[in-house]
Amino acid sequence: MEKMKAGERSGGAGRPGDEPITILAIESSCDETSCAICRDGVILSNIIAGQAIHEQYGGVVPELASRAHMQNIVPVVEAALKKADCGLDTVTAIAFTQSPGLIGSLLVGSQFAKSLAQALGLPLLAVHHMQAHVLANLIPGAADVAPLAAVVGQSGAEAAERSGAAPRPGVSAGVEARPEFPFLCLTVSGGHTQIVLCQSPLEMKVIGETLDDAAGEAFDKSAKLLGLPYPGGPLIDKYAREGNATRFLFPEPQIPGLNFSFSGLKTAILYFLQDQTAKDAGFIADNLADICASVQGRIVSILLNKLKKAAKQTGAKDLCIAGGVSANSGLRTAFREMGVREGWNTFIPSFEYCTDNAAMIAITGYYKYLEGDFAPLTVSASARAEW
Ligand code: KG4
Ligand code: ZN
């Protein structure tokens, strides 16, 4: 993307040095319309309008998503400003999701953001959605900080002593903390599965990714095979809580390096369910919790085994997860247990910053603002983009 220097912003006069930096951010890459206000790196509001209309179709219908964004965007922006108790006259810059996503959905958010920036004479910040998922871990107060003792039955300090690691004060004890650079982030969403090595807020490198389906798709497609509505990930999570994850064993693919593959798992689940329902038509209904727990257990083990390998290869001690699938309770628990066992500091955004939200766009926009990484008004949305 074309980079502008601070002096040649998309519009407006310069900001006096000591005034707060207030970012208005818009996210519209898929089926959530969201607006957040962030002042000096602190999130003041994060309004998200979902789109229930897609449920009946078993997946997101792009044309319907664009239309819903058109309806939602003005009320969502107004609600975000109101909740933050902030007027448009105090906004310093406009951030928006530029890529990747559904092009019609991205166009609604990007055109709105560009129009607002031009009308108000403000600079524009074009944000990559996957980079923003990673930086959700830097939102102050975002970390899931339930005490580790609640997860593993021992205090973080005891765990650190056992592993020989020396976590920073506050990290494993469950006090608010943020990852230190360089850190690794496992970014797991509906369209992506990546291991990202982060050197600084804007310097990131993808060191592993899926060769086929994303982790979120693996959840959603498995749910569809079980007759559950879209999006199935949260439903598998819900039923899995009551189930036995060791009841059914699904294969773990042997993919070299740090890449992932989920298509074989999906096929294995399909054949397994076909065999079982041919013998017993009520098999799925009678065993739903155990099937969900077993599917979830395998997806989680595929993800964490690769993350563990990446941590050992890079020597990273701070590990994060991000993206919609990081809302999964099985992944959250297993991730934190792995951190305790291996002596790594683990970070998870709070639930509202895991699935799509504008707060993560705002925090990324904030770091871009600090770097003077502004976009020209000619910038356009893009369905796919490297980063
Ligand atoms: O990041 P996200 O909100 O949107 C994309 O950028 O794709 O991720 C959506 C994905 C969906 O596949 C959804 O099923 C999955 O995240 N997801 C979950 C959970 N919550 C959302 N998967 C498993 N367990 C959950 N609790
Ligand atoms: Zn996302």
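The values are calculated or read from the model by the stated rules, or taken from the named source; none is laboratory data. In this text the structure is predicted, and so the values were computed from the model without any measurement. No Cβ is skipped: glycine too gets one built from the backbone with ideal geometry, and neighbour counts run over all protein chains shown.
Go over the candidates 350, 382, 301 one by one and state the one that is more than 14 Å from ligand 1 (Cβ to nearest atom) and modelled with pLDDT under 95. Even if it seems obvious, please write down each step before you answer.
Numbers: 350 fails: more than 14 Å from ligand 1 (Cβ to nearest atom); 301 fails: modelled with pLDDT under 95.
Among 350, 382, 301, only 382 is more than 14 Å from ligand 1 (Cβ to nearest atom) and modelled with pLDDT under 95.
Run down 289, 362, 310, 334 and say which single residue is outside the structural domain of residue 192 (by TED's automatic domain parsing) and in a helix (DSSP H, G or I).
Numbers: 289 fails: outside the structural domain of residue 192 (by TED's automatic domain parsing); 310 fails: outside the structural domain of residue 192 (by TED's automatic domain parsing); 334 fails: outside the structural domain of residue 192 (by TED's automatic domain parsing).
None of the other options fit; the residue is 362.
Inspect all residues belonging to region 203-213 and state whether any of them is in contact with a helix residue (DSSP H, G or I) (Cβ under 7 Å, 6 or more places away or on another chain), in contact (Cβ under 8 Å) with a residue 24 or more places away in the chain and either closer than 30 Å to residue 52 by Cα or within 11 Å of ligand 1 (Cβ to nearest atom) (or both).
Taking every residue of region 203-213 in turn, at least one turns out to be in contact with a helix residue (DSSP H, G or I) (Cβ under 7 Å, 6 or more places away or on another chain), in contact (Cβ under 8 Å) with a residue 24 or more places away in the chain and either closer than 30 Å to residue 52 by Cα or within 11 Å of ligand 1 (Cβ to nearest atom) (or both).
Anything in region 20-50 that is within 27 Å of residue 104 (Cα to Cα), in a loop (DSSP other than H, G, I, E, B) and either without any contact (Cβ under 8 Å) to a residue 60 or more places away in the chain or in contact with a Lys or Arg (Cβ under 9 Å, 6 or more places away or on another chain) (or both)? List them, or say none.
50
Tell me which residues, restricted to region 270-305, are basic (Lys, Arg) and buried (at least 21 other Cβ atoms within 10 Å of the Cβ).
To start, the set of residues in region 270-305 that are basic (Lys, Arg) comprises 279, 298.
Answer for region 270-305, where residues must be basic (Lys, Arg) and buried (at least 21 other Cβ atoms within 10 Å of the Cβ): just 298.
Taking only region 51-65 into account, find how many residues are out of contact with any Lys or Arg (no Cβ under 7 Å at 6 or more places or on another chain) and either in a strand (DSSP E or B) or within 16 Å of ligand 1 (Cβ to nearest atom) (or both). Lay out the reasoning, then the answer.
Here is the first cut: in region 51-65, the residues out of contact with any Lys or Arg (no Cβ under 7 Å at 6 or more places or on another chain) are 51-57, 59-65.
Checking the rest, the ones that are also either in a strand (DSSP E or B) or within 16 Å of ligand 1 (Cβ to nearest atom) (or both) come to 51-52, 54-55, 57, 59-62, 65.
Of the residues in that region, 10 qualify.
Test of understanding: among 315, 372, 324, which residue is surrounded by 16 or more Cβ atoms within 10 Å (Cβ to Cβ) and either in the same structural domain as residue 98 (by TED's automatic domain parsing) or not β-branched (Val, Ile, Thr) (or both)?
Working: 315 fails: surrounded by 16 or more Cβ atoms within 10 Å (Cβ to Cβ); 372 fails: surrounded by 16 or more Cβ atoms within 10 Å (Cβ to Cβ).
So the residue among 315, 372, 324 that is surrounded by 16 or more Cβ atoms within 10 Å (Cβ to Cβ) and either in the same structural domain as residue 98 (by TED's automatic domain parsing) or not β-branched (Val, Ile, Thr) (or both) is 324.
Only residues that are of a type in the set (A, V, I, L, M) and within 16 Å of ligand 2 (Cβ to nearest atom): list them for region 304-337, please. Show your work before the answer.
Taking region 304-337 first, the residues of a type in the set (A, V, I, L, M) are 304, 307, 310-311, 316, 319, 321-322, 325, 327, 331, 334.
Residues satisfying the conditions are 321, 322, 325, 327, 331.
Just need a number here: residues in region 305-330 that are over 13 Å from the mean Cα position of the chain (by Cα) and not acidic (Asp, Glu). Before you say what the answer is, go through the steps one by one.
To start, the set of residues in region 305-330 that are over 13 Å from the mean Cα position of the chain (by Cα) comprises 305-319, 329-330.
Those left that are additionally not acidic (Asp, Glu): 305-317, 319, 329-330.
Residues in region 305-330 being over 13 Å from the mean Cα position of the chain (by Cα) and not acidic (Asp, Glu): 16 in total.
For region 235-269, which positions are surrounded by fewer than 16 Cβ atoms within 10 Å (Cβ to Cβ), of a type outside the set (S, T, N, Q) and within 28 Å of residue 51 (Cβ to Cβ)?
Within region 235-269, 238, 241 meet the criteria.
Going through region 338-359 one residue at a time, which ones are within 12 Å of ligand 2 (Cβ to nearest atom) and part of a helix (DSSP H, G or I)?
Hit for region 338-359 is 353, nothing else.
Just the residues that are under 20 Å from the mean Cα position of the chain (by Cα) and either more than 10 Å from ligand 1 (Cβ to nearest atom) or among the β-branched types (Val, Ile, Thr) (or both), please, taken from region 223-240.
236
Quick test for you: out of 134, 127, pick the one residue that is in contact (Cβ under 8 Å) with a residue 60 or more places away in the chain, within 16 Å of ligand 2 (Cβ to nearest atom) and not in a helix (DSSP H, G or I).
Values: 134 fails: not in a helix (DSSP H, G or I).
Exactly one residue qualifies, and that residue is 127.
Can you find a residue that is buried (at least 17 other Cβ atoms within 10 Å of the Cβ), assigned to a helix (DSSP H, G or I) and of a type outside the set (A, V, I, L, M) anywhere in region 94-103?
Within region 94-103, none of the residues are buried (at least 17 other Cβ atoms within 10 Å of the Cβ), assigned to a helix (DSSP H, G or I) and of a type outside the set (A, V, I, L, M).
One line per residue, one yes/no per condition, for (1) touching a Leu at 6+ places or on another chain (Cβ under 9 Å); (2) within 16 Å of ligand 1 (Cβ to nearest atom); (3) closer than 20 Å to residue 374 by Cα:
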{"residue": "81", "(1), (2), (3)": "yes, no, no"}
{"residue": "91", "(1), (2), (3)": "yes, no, yes"}
{"residue": "95", "(1), (2), (3)": "yes, no, yes"}
{"residue": "109", "(1), (2), (3)": "no, yes, yes"}
{"residue": "116", "(1), (2), (3)": "yes, no, yes"}
{"residue": "130", "(1), (2), (3)": "no, yes, yes"}
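Only residues in region 252-265 that are within 20 Å of residue 197 (Cα to Cα) count as the first member; pair them with residues that are β-branched (Val, Ile, Thr), Cβ under 6 angstrom, at least 6 apart or cross-chain, and list the lot.
258/195; 258/207; 260/193; 260/210; 261/255
Any idea which of 227, 208, 232, 243 is on the phi > 0 side of the Ramachandran plot and more than 15 Å from ligand 2 (Cβ to nearest atom)? Break it down into steps so the answer makes sense when it comes.
Numbers: 208 fails: on the phi > 0 side of the Ramachandran plot; 232 fails: on the phi > 0 side of the Ramachandran plot; 243 fails: on the phi > 0 side of the Ramachandran plot.
It is 227.
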